[in-house]
Structures are given as structure tokens and as C-alpha cells.
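Below: one structure, written as C-alpha cells.
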Amino acid sequence: MRNMKSNVQALGNWLMSWVQKDGAIHGFHNHSVWGSNPYRWADFTSGHSTWASPLMAALSRIVAEQRDAALSDQVLQMIQFQTTWFQEDGQYKHIGFQIGEMLNRGLIHNMMPNVALGLTALHGRSWLPAEARDSIQQAMLRNLQACDEIYPFKKTRNISNQEYCRLWGKLLYQLLFPDSPWQNQIQDELNFMIENYHVKGIPDADCEASNRYLGDTSMVEPAEYYGLMIAPLVLAYEMFGEQHYLQHAGGLCRHLARSSWIDANGQTRFNRKWLLRGGEWIRLKEPMLIAGMGMSLHGIARYLEHQEDEELAFFLDKCDKTYAYYQTPRGYMASATGWQNEADIAPSSAWHTHDFYYLLLRHGLGEKLAAKLKELYPRMSVLLGEQCMWVEEGDNWAINDYYFQDVYKLIGRKDEAVFGRDLGWVGGERALPNHFLFPNQPVFIKTDEGIYLKADEQTAQNIDITNIAERPYLGLWE
């Protein structure tokens, strides 16, 4: 039987295995809502992604409570990395996420690191040195002002979650630092968002959704982005004392809870989307992520700090059980269901950092968590999917095929910013250096009745195997 409570320590340990000495957060940046990743875009980069920046904020809180010198040094290095890597026009570098380094523009992946930096400073008020706070302030100011010029508010086909995320960063800046240049406009822009994006009645009269695009009322935002709307509304309520911000946040929370569904494994899941057809709103359930619910759940938890709601509290409990059900012994979770490809099984550090931030704030720190984050994991981990599997051991990772299939054969390393197809037997200029090779990957055979491991008993004892494929895992092939 699977666990009923997620292992926050294991998740944090797995995430730290992707963090580099210079503060970069590497990963196979799989976007399990859109189904794409740098492999699908033929970019083949696995370096830093700004979407992973909430890890800084989570670690900042751990340092504040447990005062671990090595971890504080790591957080300071992460702050140094994020606050100094800029493009010439003031946008951050490494904002491509699932598209990779070929993409160097986009509002949301500039805004997420501003929110993360603000939360890092907020959680680190008791320990961050003045120079780190100054670096955060200067970086947030530079990027927010640059993006106001590049992506003007109300001047383009603005996307709801991105605009709310921009406002969240500005609210955090105003809360943390004096003389905010936006203090006279934030409330006007928040009210504009409510008036022009919010849609009542989905799925019922107590709920509010948000249109995705300004001027487009045919769709609303996918569920995983609602935390970027709820959290700033709750923060605005705290800062300005106006009740309507909290009320609208509550409507968004109820939209999430009442749009959820139960999957084939009995787990509570976020809905993918609502689309308007012939005057009727139609809910789409999947393909949809599992890892990545964290910021929306964080928004609900923030709302519950001010307003008791038994339904929403129960929804958080159910989603916690979903995390636990799909979590592997190594700590990462299955990314999604419904894609029938690597988007289901390849864990994205960029999404998992959002889950870690939420779970840490919801459940608190385990004893000596800071010290345990850097412990080496001694076993191989495998997550079996319908058509492929995720395999990792130490710094090596792979997306591999079942026996006698030849579709993926992707290999990479956590300490490298690129990955590629395993061309070991082919050779040539495109072949990766030898230290990328992952020769001891286990062989799994998929038959009509189930999945088997082609190995001896001793080898099998060192492998953690989790299966989300429809066919059962049946043990050793004998």
C-alpha cells in the first residue's frame, strides 16, 4: 500500500541533487501541462530554469529555523546566481523552461523569480545579510521596470496568471522595501484584473474562474496557475485591509476545489481546463499534471489563514494524499497522467520546487531537515510509464524504452546543462562524452499481461521501482 502522507524530506533531498555549486538549478524541464520539454523542441538543454526559483524561498525558511551554515551558503549562492544573470534588456536569463535556452523572452518566467526572490527575503528576514537583501531589491527593481516596458500592462493580449504574478512581485517589493515606484497603481491594476478577467459561475455560483487572455472569454486558466492569482489577492488583503480581495480569492479557491476530479487510482486531481462551447462550459480533465499543484495549493492555504472553510481544508488534505500516492521512494513524483509519453514520468525540478515550497509551509520542517537535504541517495530509482521510464542513479538520469523498443534512449547528468540521445553504439560528432553514459540501466520487458524486470535478484534489490502504467509490474523475468 502506498503512503498516505508525502515525504517532504525526500522531495527536498531529490531537488538538492539538481542544485549546482554556482546556484543554478538544473533539471529535465518537462512541462506536464503543455506536454513539451527541451527534447520535444530539439533544444537539449537541462541547465537552470527560473521557474525553479521557489526553491530559494523554501531553503531560506529552512535556514531561518535551523541555522545550517552550509545551507545558508548555498542559498546565498543561489541568490547571487539569480540576481546577476540578466540579458542586456533587463530580462533574466534562463527563462525558456520547457523550450530551453532558445527562448529568451516571456513575462511569466521573468516574474516567477521576482516572486521567489521576494519570498526568499521575507522568509530570510532574520538571517539574510544586508548585501543579499540589497541584491534582491536591485534585481527585482531592474527586472520589473524592464518588463513593464517590454510587456506593458493592458497594451497586449495579456495573460491572467502572468499579470497577477507581476502584481505579486510588486506587492512583495512594496512590503519589503521602501519607496516602491508602483504603490500608487497596484490597487488599480488589481481591481482591473478582477473586473476584466474574473468569471463567476464556473462550475457554480459560489466560484470564480479567470479568463486566460484579455478580451478572450472562450477559455479560463488551467488549474495549476491559480495560486499566482490567489496569493497576491490574499497579500493585498493583508496589506490594504480591503475585504473584497479576500472574497475574490475565495471564489478562485472554490473554483479549484469544485473543478477537481477523481482519477483511475482514486486520487483527487486538478482539472486541465474549462472551454466554452455553445454557451456551455465544458471541463477537460486530462492529460494533466500531478507534480506542479503546489503554488495553487499554497494559495488556498494562504486564504485559509484568514477564512475558515471546511471544504477547502478537506481539498488540501485530499491533494496531499495525491502527492503521497504518486511519490517515489527517491522523493520525486509522477509528473502527470494522460500523455502516454515522457511527459507523464519525467520529473521536472522546475515544477517540483513549487510543490516543495507548499508542502514545507503546510507541514513544517522535519528534525534536522537542513542536514538531511544533502545526504547521498544510495539506490537506483525507476518510474515506469506506459511507453517509457525515468531512471536515475547518482548524477546519471535517463528516459529509456522498454525492451526491444527504440524511441527515446535519452541520457543526461544532473551536473551538466545539456543532455542528448545515447549514441554510444553509433558514435560520431553528436555522441555525448563518456561520462554521460549510463550503462547499467535495468531492462524492463512489457508483455501483454504486465511488466517484468530482466535482472538477477541481487541487482533488483538495489532498485526502487514505482509503476504508473496500466499494466502491473510483476517482478523478475525468469
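³J(HN,Hα) across segment 165-172 via Karplus (A = 6.51, B = -1.76, C = 1.60, θ = phi - 60°), whole Hz, x for Gly/Pro?
Per-residue couplings from phi come out as 5, 4, 5, 4, x, 5, 5, 5 Hz.
Per DSSP H run of n ≥ 4, the term is -39500 (n - 2.57); total these for the chain, divide by its residue number, and report the mean residue ellipticity at 222 nm rounded to 500 deg cm²/dmol.
Values: 15 runs with 189 residues, N = 478.
After summing the helix terms and dividing by the residues of the chain, the value is -12500 deg cm²/dmol.
What is the diffusion coefficient of segment 439-478 in µm²/s, taking the Kirkwood radius over Cα pairs and the Stokes-Einstein relation at 20 °C with a viscosity of 1.002 mPa s? Please list the in-between numbers first.
On the way: Rh = 10.6 Å.
For the chosen part, D equals 202 µm²/s.
Counting heavy atoms of the protein chains only and a 1.4 Å probe, report the per residue accessible area for the chain as a whole number of Å². Working shown, then result.
Working: 19070 Å² over 478 residues.
That works out to 40 Å² per residue.
Quick one: what are the phi-derived ³J(HN,Hα) couplings along segment 378-395, Karplus 6.51/-1.76/1.60 with θ = phi - 60°, whole Hz, x for glycine and proline?
Once θ is set to phi - 60°, the couplings for segment 378-395 become x, 10, 7, 10, 10, 10, 8, x, 5, 10, 7, 9, 9, 10, 8, 8, x, 8 Hz.
Rank Leu76, Pro287, Leu359 by how far each Cα sits towards the positive end of the charge dipole of the chain (+1 on Lys, Arg Cβ; -1 on Asp, Glu Cβ) and give me just the farthest.
The one lying farthest along the dipole's positive direction is Leu76.
How many angstrom lie between the C-alpha centres of segment 362-404 and segment 405-438?
Here the two parts' Cα centres lie 19 Å apart.
Going from most exposed to least, what order do Glu163, Glu88, Glu310, Glu242 have by accessible area with a 1.4 Å probe?
Numbers: Glu163 5, Glu88 190, Glu310 160, Glu242 70 Å².
Sorted descending by solvent-accessible area, the residues read Glu88, Glu310, Glu242, Glu163.
Can you list residues from other chains, or at least 5 along the same chain, whose modelled amide H is less than 5 Å from the amide H of Leu284?
Sorted by chain and number, the residues that satisfy this are Arg272, Lys273, Trp274, Leu275.
Just report the Cα centroid separation between segment 1-50 and segment 53-118, whole Å.
With segment 1-50 and segment 53-118 each reduced to a Cα centre, they are spaced 14 Å.
Pairs of Cα atoms under 8 Å, at least six residues apart: use those to get the relative contact order of the chain, whole percent.
On the way: 934 pairs, mean separation 83.3, N = 478.
Computed value for the chain: 17 percent relative contact order.
Using the alpha-carbon atoms, what tilt in degrees (0 to 90, nearest 10) does helix 227-240 show relative to the longest principal axis of the chain?
Between helix and principal axis, roughly 30 degrees.
Using a probe of 1.4 angstrom, how much of the accessible area of segment 8-476 is carbon and sulfur, in percent?
On the way: 8450 of 18030 Å².
Here it works out to 47 percent.
Please get the size of the charge dipole for the chain, origin at its Cα centre, with Cβ charges of +1 on Lys and Arg and -1 on Asp and Glu, quoted in debye to the nearest 20. All intermediate terms of the calculation are to be shown ahead of the outcome.
Values: 43 positive and 57 negative charges, 33 e Å.
My answer is approximately 160 debye.
Is the chain best put as rounded, prolate or oblate by its Cα gyration tensor, with a ≥ b ≥ c the root eigenvalues, rounded for a/c under 1.5, and otherwise prolate when a/b is larger than b/c, oblate when not? Don't skip to the answer; put the middle values down first.
Details: a/c = 1.67, a/b = 1.37, b/c = 1.22.
Judged from the Cα gyration tensor, the chain comes out prolate (a/c at least 1.5, a/b above b/c).
Taking Lys154 as the anchor, which aspartates and glutamates have their alpha carbon closer than 19 Å to its alpha carbon, excluding any fewer than eight residues away along the same chain?
Qualifying aspartates and glutamates at Cα under 19 Å: Glu163, Asp188, Glu189, Glu195, Asp216, Glu221.
Using 27 Å as the Cα-Cα cut-off, could you pick out the over-long pairs in Lys5/Lys409; Lys93/Lys368; Lys273/Lys321; Lys285/Lys414; Lys200/Lys273?
Working: Lys5/Lys409 33 Å; Lys93/Lys368 34 Å; Lys273/Lys321 22 Å; Lys285/Lys414 32 Å; Lys200/Lys273 15 Å.
Over 27 Å apart, Cα to Cα: Lys5/Lys409; Lys93/Lys368; Lys285/Lys414.
Measure nothing fancy, just the Cα-based angle from helix 130-150's long axis to the longest principal axis of the chain, in degrees from 0 to 90, nearest 10.
80 degrees
Can you give me the distance in nm between label points at Lys454 and Lys368, each placed 7 Å from the Cα along the Cα-to-Cβ direction?
Here the answer is 4.3 nm between the modelled labels.
Using alpha-carbon positions, what is the distance between the centroids of segment 170-192 and segment 209-274, in Å?
Between the Cα centres of segment 170-192 and segment 209-274 lies a distance of 22 Å.
The values are calculated or read from the model by the stated rules, or taken from the named source; none is laboratory data. These figures come from a predicted structure and were not determined experimentally. Note that we place each Cβ from the backbone using ideal geometry, even for glycine, and neighbour counts take in every protein chain shown. Accessible surface is based on the protein model in full, side chains and every heavy atom, while ligands, DNA and RNA are left aside. Shrake-Rupley method; radii C 1.70, N 1.55, O 1.52, S 1.80 Å.
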